[in-house]
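The values are calculated or read from the model by the stated rules, or taken from the named source; none is laboratory data. Note that the coordinates shown come from a computational prediction; the quantities given were computed from them, not determined experimentally. Reconstructed Cβ throughout: ideal geometry from the backbone, glycine too, with neighbour counts over all protein chains shown. Only protein heavy atoms, including side chains, enter the accessible area calculation; ligands, DNA and RNA are left aside. Shrake-Rupley method; radii C 1.70, N 1.55, O 1.52, S 1.80 Å.
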Amino acid sequence: MNSRSSTATGWNFDNSYGRLPESYFVRIDPIRVRDPQVVILNSALAESLGINLDFQTPAQTAQVFSGNLNPDGAEPLAQAYAGHQYGHFVMLGDGRAVLLGEQLTPAGQRFDIQLKGSGQTPYSRQGDGRAALGPMLREYLISEAMHALGIPTTRSLAVVSTGQPVFRESTRMGGILTRVAASHIRVGTFEYAAGLDNQHDLRALADYTIARHFPEVIGSDQPYLGFLQTVIDRQASLIARWMHVGFVHGVMNTDNMAISGETIDYGPCAFMNSYDPGTVFSSIDRHGRYAFGNQPNIAQWNLARFAETLLPLLACNIEQAVSIAKDALQTFPNLFQHYWLAGMRKKLGLISAEPGDEALVRDLLLWMQRTRADYTNTFRGLACEKSSEQIAHQDEEFRQWYLRWQQRRAKDDISGPQAATLIRANNLAFIPRNHLVEAALASAAEESDMSLFNRLLSALQHPYDERAEFADYQVVPVACDEGYQTFCGT
């Protein structure tokens, strides 16, 4: 077993997942690496978790976040799960990750602490269990950007380089990410549980997940239905928020849908520049299954797979259970529409609800798609109070839309400056634009120069604040996304 670190660092582990039936995990330590070096630490997150990063030397800290040194109280394990990957069912598990345990914070919250890229496990399926440094830095950057946007997400505590190469399409430096999550329980975890054909173990997982994430449904007449309904609601809200900011997850397999409602797994993700609902960046999504505009449909498909796993708990009679599940799933489109339209009204600076609002939004999106307008900058530009300057350079279609929007705004009886403030508060000044992300990652991973990465991260930590020193981040190069692809990073 790996040696333990001192409790003076503030680690305060519980390991409740490890008290579930052992069919759900395998106890295993991270595999040691040769020469770990800290690349980046999230000091603010560490402080909120109650972890004292100042207590150890950088070398000792690197030992902990590489998995060479287990924190006191950690009981490492790899979780089992399954998943529908591009619609095909596969038995999976943590093939390159180890859950150290659950950190109990000074505020009484519970968070999983997981090392990603920590070596082979019984679930590695002939993989090396490692990760390249670049993709781990990508997850750090994008997950922290999502957190700054107020979108539920896993967080990133640290990235270390391993001092060892990984071999993919080229030889790269290895890296390990320390990921922080409300939990790593996925739709795929429940698919795995259902596949065990053991109702006792399925119920144990469901009861554990309810107690951990949805205690409000405990004691209700139908707690498992309440569980399903709450998960559906959270996913509807989450996907709507992705759509508001132009986020393309890229790999919405069921093993990448967290039951907690957090965004998880930042492999081939990216943010859209020119608006197009068919936008796909992932190199392996050849048929657009996970395109930007298809994300709500896929979320509902994934939730149907989740509902199927709960059928034995919803009712004793299978026909009745199926009927209950179908009724719950049919609420998703209206829930998503509610969250999406409410957010889009805010993006347009509207404070009330009118029957024609959806048409107003969709007509703007159609114009953006036709003209390949930038999604982020178009919405942000609506905060400009000088109408003539805003519309003078646009075509007649936009000018007509702009007039309709002005007339609609007048119904809310708020001043132009008030509306502009609302628009700026709900539309980004900065997103992780793809060319900026790639430049930052290349400099960090290939040249060990973190300056571009840190500058971009600084801008993304306050994405609604327009700052002159980051004005270059709002400029969109011509055809910057043409041929652009992202990769899973496995």
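The helices (runs of 4 or more DSSP H) falling completely within the stretch 144-250 that include 3 or more residues that are in contact with a Pro (Cβ under 9 Å, 6 or more places away or on another chain) and either among the aliphatic types (A, V, I, L, M) or surrounded by fewer than 20 Cβ atoms within 10 Å (Cβ to Cβ) (or both) map to 199-213, 223-245. From the list 57, 9, the one residue that fits, being among the β-branched types (Val, Ile, Thr), without any contact (Cβ under 8 Å) to a residue 24 or more places away in the chain and out of contact with any Ser or Thr (no Cβ under 6 Å at 6 or more places or on another chain), is 57. Please find, among 120, 109, the residue that is open to solvent by 10 Å² or more (accessible area, probe 1.4 Å) and either free of Cβ contacts under 8 Å to residues at least 40 places away in the same chain or β-branched (Val, Ile, Thr) (or both). Only one candidate qualifies: 109.
When 307, 299, 321, 315 are screened for being open to solvent by less than 10 Å² (accessible area, probe 1.4 Å), farther than 17 Å from residue 481 by Cβ and free of Cβ contacts under 8 Å to residues at least 40 places away in the same chain, only 321 passes. When 422, 452 are screened for being closer than 30 Å to residue 39 by Cα and open to solvent by 30 Å² or more (accessible area, probe 1.4 Å), only 452 passes.
Residues of the stretch 123-132 that are of a type outside the set (D, E, K, R), open to solvent by 10 Å² or more (accessible area, probe 1.4 Å) and touching a strand residue (DSSP E or B) at 6+ places or on another chain (Cβ under 8 Å): 123 alone. Do you know which of the residues in the stretch 51-79 that are surrounded by fewer than 20 Cβ atoms within 10 Å (Cβ to Cβ) and touching a Phe, Trp or Tyr at 6+ places or on another chain (Cβ under 8 Å) is nearest to residue 130 (Cα to Cα)? Going through the qualifying residues, I end up with 75. Per the listing 255, 265, the residue uniquely crowded, with 19+ Cβ neighbours inside 10 Å and assigned to a helix (DSSP H, G or I) is 255.
Any residue at all in the stretch 425-433 that's of a type in the set (D, E, K, R) and surrounded by 17 or more Cβ atoms within 10 Å (Cβ to Cβ)? Yes, that holds for at least one residue. The criterion of at least 2 residues that are touching a strand residue (DSSP E or B) at 6+ places or on another chain (Cβ under 8 Å) and farther than 22 Å from residue 206 by Cα is met by the following strands (runs of 3 or more DSSP E) wholly inside the stretch 1-79: 37-41.
When the stretch 97-106 is filtered for residues that are open to solvent by less than 40 Å² (accessible area, probe 1.4 Å) and in a loop (DSSP other than H, G, I, E, B), only 105 remains.
Evaluate the following for residue 339: is it among the hydroxyl-bearing types (Ser, Thr, Tyr), on the phi < 0 side of the Ramachandran plot and open to solvent by 60 Å² or more (accessible area, probe 1.4 Å)? Answer is yes for this residue. All of (1) surrounded by 18 or more Cβ atoms within 10 Å (Cβ to Cβ); (2) on the phi < 0 side of the Ramachandran plot; (3) more than 23 Å from the chain's Cα centre (by Cα) hold for residue 332 with one exception: (3).
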